[in-house]
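Every number here is computed from the coordinates shown, using simple stated rules; none is lab data. Computed from a predicted structure; not experimentally measured. Cβ atoms come from the backbone with ideal geometry, glycine included; neighbour counts cover every protein chain shown.
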Amino acid sequence: MKKFLIKTFYYATLVFVLGNVVAFSANYFLKKSSFYKSSFLVNEFNSDKKLDYFVVGSSRGLTTLNSNLIDEKLGLKGVNLSMDDTDLKTQSLMIHHFFESNYKADYLVLVLDANHFKKTSLELGNNDYRFVPFIDRDYVKNHFKKYEKSTLNILTNSNYNPFFAYSYYNLELLLPATLSIIKPKFRNKFDKFGNYSYPSSGHENNNATFKIKEIDTEITNPIIKDIKNYLDENKCKLIIYIAPYQLEKFTFNNKLEYSIINSSSALVNKNEFFYDKIHVNNKGREQSTLIFINNFKLLIN
């Protein structure tokens with residue numbers, strides 16, 4: 001029994017050590033790649049050159065605003081750092097990541113979703129693991145520490161034990177890291193400007209006309225105030241952008257300390273522009289971006 005325990009301990013230690021060697025190596029290659037937006041920003045842009053603006057949001061920000069078209073029409077330089085399946089907490093982390101990586105911009109366009117107008121859950125975001133390569137930075141570690149509620153805290157502790165994080169998120173971290181060794185410039189569903197668009201889905205073929213839900217609400221999420229204060233420290237102006245919804249029109253009752261471009265009803269009942277009820281397709285992205293450009297131009301001139 002004693003020999004069995006000794007052998008078990010030996011092999012477990014060996015697996016743990018070798019696993020961490022692999023995980024530390026994978027973390028290095030993923031950090032040097034362009035696969036996820038967190039490393040794409042650091043490796044593909046020159047921090048010495050100030051950007052005019054950057055866009056942060058969820059999949060609605062990723063697929064609604066085309067930063068390439070904005071730059072072309074307004075003669076600006078910007079980037080879309082929106083990530084799919086993220087909430088306002090993770091978007092705040094991306095904003096910190098931008099400035100803590102020594103980048104500067106005149107404007108942040110924060111694409112705010114309706115389910116975050118008033119509050120955001122205090123749970124770890126589904127795609128927060130994409131910041132694991134930067135766990136050596138205090139703001140990333142503090143984010144994980146604040147929101148990760150698991151017993152092992154595998155993301156929070158990945159700075160000295162990445163093996164557990166890369167084992168748990170093997171498809172999301174280990175495979176991209178392996179690909180990054182071969183193709184370090186490969187990007188995960190976004191172009192060199194950070195943009196992505198949904199194709200036609202068949203949703204746009206629905207010719208029915210739906211009743212539009214008009215909603216009077218307020219923007220009171222405390223995370224936005226924190227973001228605003230942080231932007232003030234970095235001399236960057238906040239612009240809230242409400243991307244189009246197919247069946248909803250939002251109006252806001254409270255006085256805001258920042259500019260807002262409310263395009264929630266810009267494409268209502270125009271089925272041909274939607275991939276689904278909350279995401280536009282490629283044609284809808286062009287229309288949404290052109291409408292945004294007209295409003296953005298008034299705010300920056």
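Numbers below:
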| read-out | value |
| --- | --- |
| Environment charge at L30 (Cβ cut-off 11 Å; Lys +1, Arg +1, Asp -1, Glu -1) | +2 |
| Label-point separation, Y168 to E100 (7 Å along Cα→Cβ), nm | 1.9 |
| Where labels lie 7 Å past Cα in the beta-carbon direction, separation of D52 and N262 in nm | 2.7 |
| Charged-residue dipole, Cβ positions (Lys, Arg, Asp, Glu), the stretch 56-185 about Cα centre, Debye nearest 20 | 120 |
| Mean separation of Cα contacts under 8 Å, 6 or more apart, over the residue count of the stretch 217-301: relative contact order % | 26 |
| Amide N of the stretch 255-285 lying under 19 Å from the label point, which is placed 7 angstrom from the Cα of K189 along Cα→Cβ | 274-285 |
| Rounded FRET efficiency, nearest 0.05, which uses the C-beta distance separating K277 from Y139 and R0 of 35 Å | 0.50 |
| Lysine-lysine proximity count for the stretch 164-250, Cα under 23 Å, sequence distance 8 or more or distinct chains | 6 |
| Residue-count net charge about G125 - beta-carbon cut-off 9 Å; Lys, Arg +1, Asp, Glu -1 | -3 |
| For the stretch 183-301, with +1 on Lys and Arg beta carbons and -1 on Asp and Glu, the positive-most of N195, P184, L247 along the dipole | P184 |
| Set of the stretch 69-103 residues, backbone N closer than 20 Å to the point 7 Å along the Cα-Cβ line of E123 | 83-93 |
| Test item: Cα-centred dipole of the chain, Lys/Arg +1 and Asp/Glu -1 on Cβ, debye | 720 |
| Most mobile listed residue (V140, V22, V280) in the chain, GNM with C-alpha springs under 10 Å | V22 |
| FRET efficiency for E286 and V17, using Cβ-Cβ distance with R0 set to 45 Å, rounded to 0.05 | 0.30 |
| 20 Å-binned pair-distance histogram of the chain (Cα, whole percent) | 31, 54, 13, 2 |
| Placed amide H near V111: partners under 5 Å, 5+ positions off or other chain | V56, G57, Y241 |
